[in-house]
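**Student:** Below are the structure tokens for one structure; questions will follow.
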């Protein structure tokens, strides 16, 4: 379904597919707003120096120039944002005087990365982020809040394959590594981060060779990484490894609180997974990743965590906790494989037939009466034979055709799937709820 | 309200302002979909050659490069789209095999132009376009449809200053100029296009000097340009000028049909205005512009028309008719001047108070009960004295504070504006409709 002259990495959708994306975005927005997250949109463009403040992703930035810029132009160098966190941090600093903290925001926007084209890599894609940011201190319960809000948002997308929100805590693993006396904690984290790609025995050896652990310490780290639980039973399992450290205690308490806080949410699995480390990121406590059942090769589709300094302006520090859903990354494969599709490519529930060009006004009035009651309708483009108009509705995926009253009869409406045709009044007739708007059809 | 380190031409909104924009976009979308227009989004990036197919705007294009692109890179040169028409035309050609014609789509997206910074010029802004496109032939009634849909959409924004959708027809004016024997029709159009900026007597002289008209012909052109009417009475006024031409007849018929088709729409003025020409654009029949009362200096905020060849691929031609609303151009001045504002900066209708950190679970459960019934709620960040929690709600603009039941009492909810506090049940209490979501406050 990709367009003929597609640009690699710049996906586009057909209208029926776009309905699926819109339904996802609408449901996310609804959940986020119900929890008090304010809508925010930042400009797509940032000064390049702003984008490059963290060095590692600079290769992926698209830099802008005006086609006919003067060579002596004093324009600041500009680039397109590659995530929504960097612009949000900048926005918080810019607008701190106008915001009330803790500030909850959601942000659903496209971002761009100048990636080399390869399967599954997008150069333009939509992310949906939520963050809570505070001034100076941010109570821990906001970690629980963010986990719960995103879990609820994911659960609202019941047409997706099963999602598993995996939670861990950096303090927990760092405390554990310190508790066993690891000489180089970051090296242990880097090695454990490979555990999904490398056999366990290789990890065990690398922990000895690269991270300087004894074989016994190495075995304990692997044992920790293998712990996962959908309730707080992981605490007992960690305790059974016999390691003591103050940071470990705090991490266990925090992670248990997240699991407890999400216990009531149905439709998505929230799991403590003690191998999650978000290796390269700047998280300091809670960390999140999300896998979709059967689509593990996509990696994490929804990730985030707690950062002690989302932003800082010298006077104040703004700690935050957030999580980012890769909407395009999640949806495009499902749409491309036909796992998800929209029920039709047009919003119209009804095609109002046209008896003759001279009676277009009557057909328009019927359509308008339906629209006033929230029923999307269009009028046939031309007064072909009714059989042709029905086939046109069929091709457009419109479920109902309305026949205006003739001199000796009443209005009639036909369900073109069943063929059933009944008398109807444009002031009162309503289609079944499932036909009112395009819906998302899953694999079933 | 602009951010401290704002980039000129890249406007950003505070959350309460963003609610205004979202309300506008939601209402537009609702009207467009009720009329059967399908949602479409195209990539923000196009090959530069695609963007430069029409020469005149090339100066304004932002060109992209990857920050660390290899010098021997074979990447196509890419630029950011500067409108939604060029990408839509490209999309139609790319996907013609997957689309049913006539194809109605709406497209609400940001576009970018590398303008030199100046007041009222945006480098990043949102447009909302509707178009109907057909293969080979597009019946005229779609011109009426597009006018009506956009007029209805504008009428749904009742909080805006009065809007006037001005319609004209290129055939009408071209037929008139030919009918009077103008030797250089485009020169007449170019001159009449200046009529809002230049005194009438100067226009009259320019028509003689630059467009080669006689003083009598010149006077007739000025008389035509001064005709405007909110009904079909303009036809009589044009006829009274005594000019005959086949194109004029057709243009008069078409323009009268648009006026008749829009006659029933309340809340927006639809007017035949015979000076509208959309000088530089490639329209061939109906043309649209829109002015906002008291904000005429913004120019037209919503423009479009009929083009005989929106796109063409050698085998087929795709005629179209469309109209584009400059959402940012319209809203930013109103927000900056305080004419419009959101009623609050958070979605939350209720702040659930917190008696103690230990009872956060109870407050969470109350908030969750409200959310289940569509009432946005947040829980207080910390268990301060209730007076402080009420003041926190006040600062956030949240209208209601909920006090969880104490051992010897029932739940209570306080309207912090009136101070009224009543017993309430989280399973049944509902705020007044106006408080449920942030609303748009107009000048009144």
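Only the coordinates and a few stated rules stand behind these numbers; no lab work does. Just so it is clear, the model here is predicted, and its values are computed rather than measured. Neighbour counts are summed over all protein chains in view; Cβ atoms, including those assigned to glycine, are modelled from backbone coordinates with ideal geometry.
**Student:** With a cut-off of 8 Å between alpha carbons and a minimum separation of six or more residues, what is the relative contact order of the stretch B:350-438 in percent? Don't skip to the answer; put the middle values down first.
**Tutor:** Working: 131 pairs, mean separation 25.4, N = 89.
Value for the stretch B:350-438: 29 percent.
**Student:** Let me ask something additional. Averaged across the residues of A:92-104, what count of C-beta atoms belonging to other chains lies within 10 Å of each residue's C-beta? Each step should come with its number before you reach the end.
**Tutor:** Values: counts 0, 3, 6, 8, 1, 1, 7, 4, 8, 2, 3, 4, 5.
Taking the mean over all residues of the peptide, I get 4.
**Student:** Give me Rg/Rg_expected for the stretch B:350-438, where Rg uses Cα atoms only and Rg_expected = 2.2 N^0.38 Å with N residues. List each step's numbers first, then the result.
**Tutor:** Values: Rg = 11.8 Å, N = 89, 2.2 N^0.38 = 12.1 Å.
Ratio of Rg to 2.2 N^0.38 Å for the stretch B:350-438: 0.97.
**Student:** Okay, next question. For chain B, take every pair of Cα atoms, bin their distances at 10 Å starting from 0, and report each bin as a whole percent.
**Tutor:** Once binned at 10 Å, the Cα pair distances of chain B give 4, 17, 23, 22, 16, 10, 6, 2, 1, 0.
**Student:** Continuing with this model, one more query. Which distances, shortest first and in nm, link residue B:202 to the matching position in the other copies, using label points set 7 Å out along Cα to C-beta?
**Tutor:** When each copy's label point is compared with this one, the spacings are 7.8 nm.
**Student:** In nm, one decimal, shortest first: how far is the label point of residue A:294 (7 Å from Cα along Cα to beta carbon) from the matching points in the other copies?
**Tutor:** 5.7
**Student:** Tell me, Kirkwood radius of the stretch A:134-286 from alpha-carbon pair distances, in Å? Can you show the working numbers first?
**Tutor:** Working: mean 1/r = 0.0622 Å⁻¹.
Taking the inverse mean of 1/r over all distinct Cα pairs, the stretch A:134-286 comes out at 16.1 Å.
**Student:** Another one. Considering only C-alpha atoms, what is the centroid distance from the stretch A:299-339 to the stretch B:299-373, in Å?
**Tutor:** With the stretch A:299-339 and the stretch B:299-373 each reduced to a Cα centre, they are spaced 22 Å.
**Student:** Going by C-beta contacts inside 10 Å, put B:112, B:295 in order with the fewest on the left. Could you put the intermediate results ahead of the total?
**Tutor:** Working: B:112 25, B:295 18.
Neighbour counts put them in this order, fewest first: B:295, B:112.
**Student:** State the three equivalent ellipsoid semi-axes of the protein assembly as shown, derived from the C-alpha gyration tensor as the square roots of 5 times its eigenvalues, in descending order and whole Å. Walk me through the numbers before you get to the answer.
**Tutor:** Details: eigenvalues 575, 192, 157 Å².
Semi-axes, largest first: 54, 31, 28 Å.
**Student:** While we're looking at this one, here's another question. Would you mind ranking A:332, A:80 so that the residue whose beta carbon has the fewest other beta carbons within 10 Å leads the list?
**Tutor:** On the way: A:332 21, A:80 26.
Going from sparsest to densest Cβ surroundings: A:332, A:80.
**Student:** Further, regarding this structure: Rg to Rh for the stretch B:264-311: what is it, with Cα atoms only and Rh by Kirkwood? The partial results should precede the final answer.
**Tutor:** On the way: Rg = 12.3 Å, Rh = 12.2 Å.
Rounded to two decimals, Rg/Rh equals 1.00.
**Student:** Next up: Just to confirm the numbers: residue B:184, label point 7 angstrom along the Cα-Cβ line, distances to the other copies in nm, shortest first?
**Tutor:** With the label placed 7 Å along Cα→Cβ, residue B:184 yields 8.1 nm.
**Student:** Continuing with the same structure: Expressed as an acute angle from 0 to 90° and rounded to the nearest 10, what is the orientation of the C-alpha long axis of helix A:327-336 relative to the principal long axis of chain A?
**Tutor:** That helix lies at roughly 50 degrees to the long axis.
**Student:** Just to be sure I understand the curve: with the Debye formula and one point per C-alpha of the stretch A:6-57, what is log10 I(q)/I(0) at q = 0.26 Å⁻¹?
**Tutor:** So the normalised log intensities work out to -0.94.
**Student:** Can you sort A:130, A:227 by how many other beta carbons sit within 10 Å, fewest first? Spell out each step's value before the answer.
**Tutor:** Working: A:130 25, A:227 19.
The most exposed by this proxy come first: A:227, A:130.
**Student:** Same structure, new question: Once you order the gyration tensor axes a ≥ b ≥ c over the Cα atoms, which shape class does the stretch A:174-248 get: rounded for a/c under 1.5, otherwise prolate or oblate by comparing a/b with b/c? Display every interim value, and only then the final one.
**Tutor:** Details: a/c = 1.95, a/b = 1.29, b/c = 1.51.
Here the stretch A:174-248 falls in the oblate category.
**Student:** Evaluate peptide A:27-34: per residue, the Cβ atoms of other protein chains within 10 Å of its Cβ; return the mean as an integer.
**Tutor:** What the average comes to for A:27-34 is 4.
**Student:** Where the centre of each part is set by its Cα atoms, how far does the stretch B:124-190 sit from the stretch A:170-236, in angstrom?
**Tutor:** 68 Å
**Student:** Shielding by partners for B:209-221, please: the mean number of other protein chain Cβ atoms within 10 Å of each residue's Cβ.
**Tutor:** Working: counts 0, 0, 0, 0, 0, 0, 0, 0, 0, 0, 0, 0, 0.
Per residue, the average neighbour count from other chains is 0.
**Student:** Got the relative contact order for chain A handy, in percent, Cα pairs under 8 Å and 6 or more residues apart? Mind showing how you got there, number by number?
**Tutor:** Details: 821 pairs, mean separation 73.6, N = 444.
After rounding, I find 17 percent.
**Student:** Separate question: At 222 nm, what value in deg cm²/dmol follows for chain A if DSSP H runs of at least 4 each add -39500 (n - 2.57) and the sum is divided by all its residues, to the nearest 500? List each step's numbers first, then the result.
**Tutor:** Values: 14 runs with 150 residues, N = 444.
Taking each H run of at least 4 residues, the total per residue is -10000 deg cm²/dmol.
**Student:** Among chain B residues, which Cβ is nearest the axis of the B-onto-A rotation, and at how many Å?
**Tutor:** Closest Cβ to the B-to-A rotation axis, residue and whole-Å distance: B:64, 3.
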